[in-house]
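Worksheet: the structure to be examined is printed underneath.
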Amino acid sequence: MSESLKERVREKILRQRIEDGGRPLGDAEGDNPRLVDIGYDLALLDQASEDDDVVQQLAVKYWVP
């Protein structure tokens, strides 16, 4: 596997967003708590470095191998 764990987590979160409604994340605020949570998780992922514990925690949350 050539992709980093962080890249695989991002891919899985974005796929989850599509499965949960597919709207842009900005449209989700106050509307669908699941999409808001996905937006929050993406923001956390953006701020994390490759070896940050947050990446591992999100991998577990989204079941990313």
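The values are calculated or read from the model by the stated rules, or taken from the named source; none is laboratory data. Here the structure is a predicted model, which means the values were calculated and not measured. Only protein heavy atoms, including side chains, enter the accessible area calculation; ligands, DNA and RNA are left aside. Shrake-Rupley method; radii C 1.70, N 1.55, O 1.52, S 1.80 Å.
When the residues VAL54, VAL60, VAL9, VAL36 are ordered by accessible surface, computed with a 1.4 Å probe over the protein chains alone, the sequence from largest down reads VAL60, VAL36, VAL54, VAL9. Taking all protein chains as they are arranged and a probe of 1.4 Å, the heavy atoms of LEU14 leave approximately 70 Å² accessible to solvent. The string of couplings for region 36-45 from the Karplus curve (6.51, -1.76, 1.60, θ = phi - 60°) is 5, 4, 4, x, 5, 5, 5, 5, 4, 5 Hz, one whole number per residue in order, with x for Gly and Pro.
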